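What follows is a short report on a single structure.
The values are calculated or read from the model by the stated rules, or taken from the named source; none is laboratory data. Being a predicted model, the structure only gives us computed values, none of them experimental. In this analysis, Cβ positions are derived from the backbone assuming ideal geometry, glycine residues included, and neighbour counts consider all displayed protein chains. The protein model used for the area step is the full one, side chains on, heavy atoms only, and it has no ligands, DNA or RNA in it. Shrake-Rupley method; radii C 1.70, N 1.55, O 1.52, S 1.80 Å.
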Amino acid sequence: MEYKVRNIASIVDGKILQLFIETAVEFLLIDSRKLYSPSASLFFALKGPRRDGHQFISELYKRGVRNYIISEKTEIEDFPEANFIFVNDTLEALQRLAAYHRKQFNIPVVGITGSNGKTIVKEWLYQLLQKKFNIVRSPRSYNSQIGVPLSVWQMNKHYELAIFEAGISKPGEMETLEKIIQPTIGILTNIGEAHSENFVNREEKLKEKLKLFTHANKVIAKGDDAWVTRQMMKKEMNNFFWGRNNSSDLQIISFERKNLQTEITLNFKSETFSFSIPFTDDASVENAITCCSFMLVAGIERQYIQEEMLQLHSVSMRLELIKGINQCSLINDSYSADLSSLNIALNFLDQQSTGSKRTVILSDFLQTGLSERKLYDEIAVLLHAHQINKVIGIGKSIGTYLKTDEKIFYQFYNTTEDFIQQFRSSQFREETILVKGARIFEFERIVHALEQKVHQTVLEINLNAIVHNLKEYQKFLKPSTKVMAMVKAFAYGSGGAEIAGILQYHKVDYLGVAYADEGIELRKAGIALPVMIMNPDESTFDAIVENNMEPDLYSFELLEQFDSYLKQSGLQQYPVHIEIETGMNRLGFDLADIKKLGNKLNQTNSFRIVSIFSHLAASEEPSQDEFTLQQYEKFIEASAELEKLLGYSLIKHIANSAAIIRHQQLQMDMVRLGIGMYGVDAANTNSVELQTVATLKSTIAQIKHLKTGESVSYNRKGIVHRDSVIATVRLGYADGYARRLGNGVGKMLVNGQYAPVIGTVCMDMTMIDVTDIAGVKEGDEVIVFGNELSIQQIAEWANTISYEIMTGISQRVKRVYFEE
C-alpha cells in the first residue's frame with residue numbers, strides 16, 4: 001500500500017501546515033542518526049526527557065528529509081520544500097499510523113508477551129517456520145511503545161506470517177500495543193519478576209499483559225501455574241495450555257537429557273510423540289514446547305516439527321565488537337541475514353567505525369519474502385547510505401543481483417569455503433568489518449580467520465549498559481545541563497575509542513581524558529566531540545593543537561607556556577579550560593590568585609576560556625557534606641570573580657558522578673560523569689538503577705586432584721587440608737588480578753558458585769579450589785567479576801576501590817564489545 005502525505009494526515013488526525021509536493025512514504029524515522037533514505041522517510045518529532053525531535057528538523061532538512069510530523073510550533077517557512085503535519089502527540093500519531101497499516105493485512109499475526117523468553121520464542125519460531133512461510137518479525141527486541149509500531153510497519157504483501165513481541169513497564173501500555181499488533185494468536189511465555197517495579201502486584205501485571213490477547217483467536221500458555229490459568233479462563237479466552245497436568249491440551253510425559261540434547265515426549269489429542277532439541281537447560285526446554293504448541297495449533301505436521309526442532313540453534317542476543325587482525329575491528333553478527341537486522345547492524349557499524357574504512361561481508365539473504373531483485377536493491381541502498389567502502393558477497397544470489405556502486409569496492413565468492421581458501425590477512429588493515437550471514441553459510445569460520453588471536457581471558461563490555469547508565473544519571477539533570485563523559489585511563493579500563501564512539505552517537509557534550517595521548521587515540525578513531533585534556537604538559541602542545549583538543553590550564557607556569565606556544569604558532573582565541581583549587585589540593589589556581597589570573601588572561605589574545613571547573617574531594621561521603629558545600633561556595637565565588645574580570649560567561653562544572661545524585665544543586669552548567677557511567681555507584685546511594693558494564697571472564701586450563709597436605713603455587717602458601725580438586729585459571733597479576741587476592745582472600749564464580757583462590761596469584765595463572773562444586777571440567781568458564789560477582793566486592797576483598805580494579809585490567813586482555 002502506498003502512503004502519501006494527505007492520506008497520512010487523515011489517518012493520524014493531523015492538520016497539514018505546509019504541503020510542498022505529495023510524496024510517497026516508505027520509511028518511518030524517529031532518530032536522525034538512522035537516516036538512509038531521506039526522500040522516502042517520514043520523521044516523527046518525538047519528545048523525550050532530554051531530547052526533543054523538533055531540534056533535529058533543520059539537520060534532517062539539510063540531509064534531504066521532506067516529510068515531518070510535529071507537535072510544536074516550528075518555523076516552517078525556513079523549510080520551504082518540506083511537508084509538515086501537525087498533531088497533538090507525535091508518539092500517538094506514530095502508533096495510529098502503524099495500527100492502520102496493520103489492518104490492511106489479513107495474515108496470521110502472533111503476539112508474544114511475558115516476563116522472559118519473548119525474543120527467544122520469536123526467533124525460534126522464525127527458525128522453525130521459515131521454510132514454510134515468508135515471515136516478518138520484530139527486529140531484535142523492538143517491543144516497546146516505539147519499537148512495536150516500527151516493527152509492524154515492516155508488514156507488506158509478500159509476508160504470510162507475522163511475529164511481534166510486546167513488552168510493557170507500567171499499567172496502561174498494553175492496550176495501545178494490542179491496537180497496533182492486533183494478534184490473531186497469542187503466546188504468554190511466563191510471568192516473572194522482570195520489569196515489576198511499576199505494578200502493584202503479580203496479579204496486576206498478569207492482567208495487563210493479557211490485554212494483548214483481547215481479540216486473539218487462540219492463546220498459548222504454560223498450564224502448570226493454576227493461578228495463571230484461572231486468570232486466563234476468567235477472560236473467556238480460547239486457550240491452549242501445555243504442561244504436566246492431565247487437563248493440558250499438550251501434556252508433557254517426560255524429558256530425557258543426554259549427549260547435550262533433550263528428548264521431550266508429549267501427548268497431544270491422545271497420541272504420544274517426541275522430539276529432541278540440542279539444548280539441556282530448563283528455559284530452552286520450555287521455549288521449545290511453547291514453539292511446538294504454536295506449530296500444532298497452526299496445523300504443522302509432526303514429522304516436520306521433529307526434523308526442525310533438532311536444527312534449532314542458540315539466538316545471539318547481541319552484536320559483538322572484537323579486536324581483529326592488522327588493527328581492524330570486527331563486528332560479529334554471523335547468525336542471521338534479513339533486512340531489519342542488517343539495518344541495525346549497519347547502525348552499530350556507524351557508531352564504531354568513525355574515521356576508519358568500513359567493510360561488510362554478507363551472505364545470500366534467504367526466505368525474505370521479497371523478489372531477489374527487490375531484496376538486493378534494498379541492500380544496495382543500505383550499503384550506499386551507510387557509506388560502506390568494501391563489500392564481500394558470499395553466495396550465488398548476492399553476486400548476481402547486488403547492484404554495484406562506483407564508490408564501493410566489491411568481491412564475490414560462491415561459498416564460504418572459496419573465501420577461506422583465498423583468504424589473505426594482508427587484504428584487511430585498519431578497517432571496521434561487519435560479518436553478517438545466514439547460519440547455513442558458517443560465517444563463524446570467517447570471524448575466526450579475522451579475529452586477533454589472544455588468550456582466553458576476555459573483558460566483555462556491554463555498550464547498552466553504558467547508554468542505560470548515562471540516561472539514568474541524565475534523569476537527575478536539568479535539560480540544559482551538559483554532560484562531560486570521562487573516558488580517561490582507557491575509559492576506566494573499558495576501551496577509550498569504543499566507549500567514546502557510543503557516547504558520541506548518543507550526543508554527550510564533551511569528553512574528558514587525563515593525557516594528550518589518550519585524546520590522540522580518540523581522534524584517530526574518528527571521534528569529533530570536544531575533548532578536554534586534564535593533565536597537559538609542554539611536550540604535548542603540538543599534539544593538542546594538531547588534534548583540536550582543549551587543555552586544562554591549572555597553573556601560571558602552564559598558562560604562560562601555552563600562551564607562548566600559541567603566539568609562536570600564530571594562533572588566537574584557542575579554547576582552554578581553567579581549573580580552580582577549592583579543597584582537593586591537587587591541581588588548580590588558588591582562590592587568592594583569581595584577580596591575577598584574570599589580569600593575565602586579559603593581557604593576551606591567545607585564549608578563549610570555555611569553562612571553569614573544580615574537583616570535589618569527598619562528594620560521596622555524607623560525613624563530608626559540609627566540606628563539599630564549602631568547596632562549592634568557594635568555586636561560585638571564584639568563577640563569579642573571573643567572569644567579571646573577563647567580561648563574558650563561562651561553562652561552570654564541579655559535580656562528579658556522586659554529586660549528580662547526592663548534591664543535585666551543584667550540577668551548574670555541566671557535570672562530569674565518570675565511574676557511575678561504568679556501572680559503579682561510588683556513593684552507594686541505591687537511588688540510581690545502574691547496569692553492569694564490564695564482565696571479566698576466563699577459563700579453566702587444567703584440573704588437579706590433590707591429597708591432604710599437598711601445596712599449591714609459589715612459596716607453598718596454599719596447603720590443602722583435605723583431598724581437594726584445584727582448577728588453574730588462565731588469569732594472573734599480569735592481567736590485572738591483584739596478588740593480594742591470593743591465599744583465600746579472593747573468590748571466582750564457577751557454575752554459579754564461589755571458588756576461593758588458593759595459594760599465591762601467579763603472573764599468568766591463578767588457582768582456585770573447586771572441591772565443593774560439582775561437574776567442573778577443563779575449559780569451563782570462570783567469572784572474575786560481573787553481574788553475579790560485583791567489581792565492588794572484588795575491590796572490598798582487595799582492600800582498594802573499584803577504580804583501581806577497573807583500570808588495572810591489562811591491555812593484553814581481549815576486550816569484546818557488544819550491543820544487545
The answer for the stretch 159-300, accessible area per residue at 1.4 Å probe in Å², is 45
For the stretch 168-181, what does the Karplus curve 6.51 cos²θ - 1.76 cosθ + 1.60, with θ = phi - 60°, yield as ³J(HN,Hα) per residue in whole Hz, taken in order and with x for Gly and Pro? 10, 10, 7, x, x, 7, 5, 4, 5, 5, 4, 5, 7, 6
Pulled fully out, how much extra length does the chain show between residue 396 and residue 587, if you take 0.36 nm times their separation in residues and subtract their Cα-Cα distance? 62.4 nm
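Assuming a ≥ b ≥ c are the square roots of the Cα gyration tensor eigenvalues, decide whether the stretch 114-254 counts as rounded (a/c under 1.5), prolate (otherwise, with a/b larger than b/c) or oblate.
In terms of gyration-tensor shape, oblate.
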Which percent of Cα pairs goes in each bin when the distances of the stretch 444-489 are cut into 10 angstrom slices starting at zero? 18, 31, 24, 17, 10
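From the Cα gyration tensor of the stretch 20-65, with a ≥ b ≥ c the square roots of its eigenvalues, which class applies: rounded if a/c is under 1.5, or else prolate if a/b is larger than b/c, or else oblate? Please report the intermediate quantities before stating the final value.
Numbers: a/c = 1.91, a/b = 1.79, b/c = 1.06.
Prolate.
Restrict the search to the stretch 611-719; then list the trypsin sites (Lys or Arg not before Pro) that DSSP places in a loop and that have at most 16 other Cβ atoms within 10 Å of their Cβ. Write out the running numbers ahead of the final one.
Values: sites: 634, 644, 652, 662, 672, 697, 704, 707, 716, 717; in loops: 707, 717.
Counting only loop positions with at most 16 other Cβ atoms within 10 Å, the trypsin sites (Lys or Arg not before Pro) in the stretch 611-719 are 707, 717.
Grab the Cα-Cα distance for residue 717 and residue 47, subtract it from 0.36 nm times how many residues apart they are, and report the gain in nm with one decimal.
Numbers: separation 670, 0.36 × 670 = 241.20 nm, distance 6.13 nm.
Gain in length upon complete extension: 235.1 nm.
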Determine the relative contact order of the stretch 1-90: mean sequence separation of Cα pairs under 8 Å and six or more apart, normalised by residue count, in whole percent. 33
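Rank these residues by their accessible area, most exposed first, probe 1.4 Å: 373, 230, 137.
On the way: 373 110, 230 130, 137 25 Å².
These residues rank, largest area first, as 230, 373, 137.
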Cβ-Cβ cut-off under 12 Å around residue 25, Lys and Arg +1, Asp and Glu -1: the net charge is 0
Apply the Karplus curve 6.51 cos²θ - 1.76 cosθ + 1.60, θ = phi - 60°, to the phi angles in the stretch 691-705 and return the couplings in whole Hz, x for Gly and Pro. 10, 5, 8, 10, 10, 9, 10, 9, 9, 8, 7, 7, 10, 10, 10
For residue 323, the lysines lying under 21 Å Cα to Cα, once residues fewer than eight places off in the same chain are dropped, come out as 357, 390, 436, 453, 488, 524, 697, 814
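So which of 132/396; 47/471; 4/34; 209/269 end up more than 19 Å apart by C-alpha? Intermediate results must be reported in sequence, preceding the final value.
On the way: 132/396 22 Å; 47/471 15 Å; 4/34 22 Å; 209/269 29 Å.
Correct reply: 132/396; 4/34; 209/269.
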Note to self, the chain gives a 222 nm [θ] from helices alone (DSSP H runs n ≥ 4, -39500 (n - 2.57) apiece, / all residues, nearest 500) of -9000 deg cm²/dmol
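So with the 1.4 Å probe, I'd like the accessible area per residue for the stretch 43-155, rounded to whole Å². Please list the in-between numbers first.
On the way: 4390 Å² over 113 residues.
On a per-residue basis, the stretch 43-155 sits at 39 Å².
Got the relative contact order for the chain handy, in percent, Cα pairs under 8 Å and 6 or more residues apart? Before the final figure, lay out each step's value.
Values: 1702 pairs, mean separation 67.1, N = 820.
This gives 8 percent for the chain.
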Inter-part distance where the stretch 381-433 and the stretch 253-302 are each reduced to a Cα centre, Å: 40
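Any chance you could run the full-extension gain for residue 445 through residue 564? It's 0.36 nm times the residue separation minus the Cα-Cα distance, nm to one decimal.
Details: separation 119, 0.36 × 119 = 42.84 nm, distance 5.63 nm.
Taking 0.36 nm per residue and subtracting the Cα distance, the gain is 37.2 nm.
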Dipole-positive endmost among 316, 340, 329 within the stretch 307-352 (Cβ charges, Cα centre): 329
Using each residue's phi in the stretch 221-237, evaluate 6.51 cos²θ - 1.76 cosθ + 1.60 at θ = phi - 60° and report the 3J(HN,Hα) Karplus result to the nearest Hz, with x for Gly and Pro. 7, 6, x, 7, 8, 4, 5, 5, 5, 4, 4, 6, 5, 4, 7, 6, 7
Carbon and sulfur together cover what percent of the accessible area of the chain at a 1.4 Å probe radius? 46
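Would you mind counting up the charge near residue 760? Only other residues with Cβ under 12 Å from its Cβ, with Lys and Arg at +1 and Asp and Glu at -1.
Details: positive: 716, 717, 739, 740; negative: none.
Once all neighbours under 12 Å are counted, the net charge is +4.
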Which part of the stretch 710-750 falls in the paramagnetic zone of residue 703, meaning amide N under 14 Å from the point 7 Å along Cα-to-beta-carbon? 724-729, 750
Would you list, by chain and number, the aspartates and glutamates whose Cα falls below 18 Å from the Cα of residue 507, excluding same-chain residues fewer than 8 positions away? 31, 52, 59, 350, 472, 498, 669, 819
Residue-normalised accessible area of the stretch 564-643, expressed per residue, 1.4 Å probe, Å²: 49
State whether the stretch 771-820 is rounded, prolate or oblate according to the following rule on the C-alpha gyration tensor (a ≥ b ≥ c being the square roots of its eigenvalues): a/c under 1.5 gives rounded; otherwise a/b larger than b/c gives prolate, and the remaining case gives oblate. oblate
Near residue 258, which lysines are there with a Cα under 24 Å away, not counting those fewer than 8 places off in the same chain? 777
Using a 1.4 angstrom probe and counting only protein chains, how large is the accessible area of residue 804 in Å², to 10? 90
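Once you list every other residue whose beta carbon is under 14 Å from the beta carbon of residue 571, what net charge do they have if Lys and Arg are +1 and Asp and Glu are -1?
On the way: positive: 567, 608; negative: 542, 546, 550, 563.
It works out to a net charge of -2.
How large is Rg/Rh for the stretch 62-104, to two decimals, with Cα atoms and a Kirkwood Rh? If you can, show how the numbers build up before the last one.
Numbers: Rg = 12.4 Å, Rh = 11.8 Å.
Radius of gyration relative to Kirkwood radius: 1.06.
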Cα-based Rg and Dmax for the chain, in Å, come out at 29.4, 95
